[in-house]
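Derivation of every value follows stated rules applied to the coordinates shown; laboratory data play no part. Quick caveat: nothing in here was measured; it's all calculated off a predicted structure. Here Cβ is always computed from backbone atoms with ideal geometry, including for glycine, and neighbour counts include all displayed protein chains.
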Amino acid sequence: MTALLTLKDVCAGYGGSVVLDGLSLQVNEGEVVCLLGANGAGKTTATRVICGLVKPTAGDLTFAGKSLLRVPSYDRVNEGICLSPEGRQVFPDMTVRENLLLGAFCKRAKADRAKTLDEVLSVFPRLAERALQKAGLMSGGEQQMLAIGRALMGKPRLLMLDEPSLGLAPKLVMDVYEAVSKTAKLGISILIVEQNAEVALAAADRGYVLADGHIAASGSAAELRGSKLVQEAFLGASQAKRNSTRDRRRT
Ligand code: ATP
């Protein structure tokens, strides 16, 4: 497998506070990888480091074999790193179509934007139906699809999705993840950052757990799903165990 993105011992934070403390991970060409972490673990900070919005204080990161340390964030988009940010951040007063076209503003994508728009609308037929509607009038699930579609308009080699399930009803989470799996079939590498381990591990080939600023566990999606750490911290195993012990005591 060929490495696309590699982070090696990355440290980063805000002012004096350390959020990432030796983070190492890798996303290979064509892979779907998830980065799981609790609230405030530093998942969004990791995406900001990869995009170039937060500068690491130590460590290295490479993309397609080249160090990103001196590459400004706008050139990272031109290398093919595109982010669908936490909270979607769509422009509410602009139409769906206008929001999508903004995603193709970079040099890499501008010339092909009409063709890419057709491709994105075929992945998200719902966005095609709503193309002329203002983005702010769409449901949370539709806005999430729009945020992913806008990132795809940049013709990513690496698509990063920050908490795509956040705040969505279970049915909408399924719809969003169906779109993620269609995107993966296009051969685009995907890094999903999530608290919702259940859906992220169902979509991913491999995953990492971020805790205390570094990787606490990693493995294939099946290995992580079976691990005690993931079971207890993300899949509610200890709660389920406590509930079943309590239920046995009651009977
Ligand atoms: P969540 O799921 O809540 O978004 P996360 O894992 O994405 O959490 P981050 O958003 O990366 O975590 O935040 C990690 C830590 O950094 C938190 O303690 C947060 O308060 C802090 N933090 C995030 N952004 C900033 C900022 N711009 N300035 C200062 N501290 C920040």
Given +1 on the Cβ of Lys and Arg, -1 on the Cβ of Asp and Glu, and no further charges, what dipole in debye does the range 35-140 carry about its Cα centre, rounded to the nearest 20?
160
Around Ser189, what is the net charge, scoring Lys/Arg as +1 and Asp/Glu as -1 over all other residues with Cβ under 11 Å from its Cβ?
-2
Percent antiparallel among DSSP beta bridges (both partners in the chain, rounded to 5):
55
What number, rounded to the nearest 500 deg cm²/dmol, is the helix-based mean residue ellipticity at 222 nm of the chain, given -39500 (n - 2.57) per DSSP H run of at least four residues and division by all its residues?
-11500 deg cm²/dmol
State the Cα centre-to-centre distance between the range 78-138 and the range 1-50 in whole Å.
25
Using +1 at the Cβ of each Lys and Arg and -1 at the Cβ of each Asp and Glu in the chain, identify which of Ile81, Leu25, Leu210 lies farthest towards the dipole's positive end.
Leu210
Run the simple label-point estimate for Asp60 and Leu137 please: 7 Å along Cα→C-beta, distance reported in nm.
5.3
When the chain is fully extended, how far beyond the present Cα-Cα distance does Thr2 get from Lys171, taking 0.36 nm per residue of separation?
57.4 nm
Specify whether the C-alpha gyration tensor of the range 32-112 places it in the rounded, prolate or oblate class, a ≥ b ≥ c being the square roots of the eigenvalues: rounded for a/c under 1.5, otherwise prolate if a/b is larger than b/c and oblate if not.
oblate
Length gained if Lys115 through Arg70 is fully extended, taking 0.36 nm per residue and subtracting the Cα-Cα distance, is 13.0 nm
Test item: Cα-centred dipole of the chain, Lys/Arg +1 and Asp/Glu -1 on Cβ, debye:
240
Going by the alpha-carbon gyration tensor, a ≥ b ≥ c the square roots of its eigenvalues, is the range 113-192 rounded (a/c under 1.5) or, if a/c is not under 1.5, prolate (a/b greater than b/c) versus oblate?
oblate
Project the alpha carbons of the chain onto their principal axes and report the range along each, largest first, in whole Å.
64, 44, 37
Taking springs between alpha-carbon atoms closer than 10 angstrom, which of Leu159, Leu235, Leu127 fluctuates most in the Gaussian network model of the chain?
Leu235
In whole Hz and in residue order, list the ³J(HN,Hα) couplings for the range 169-184 that follow from phi through the Karplus curve 6.51 cos²θ - 1.76 cosθ + 1.60, θ = phi - 60°; x for Gly and Pro.
5, x, 5, 6, 4, 4, 4, 5, 6, 5, 5, 4, 6, 4, 5, 4
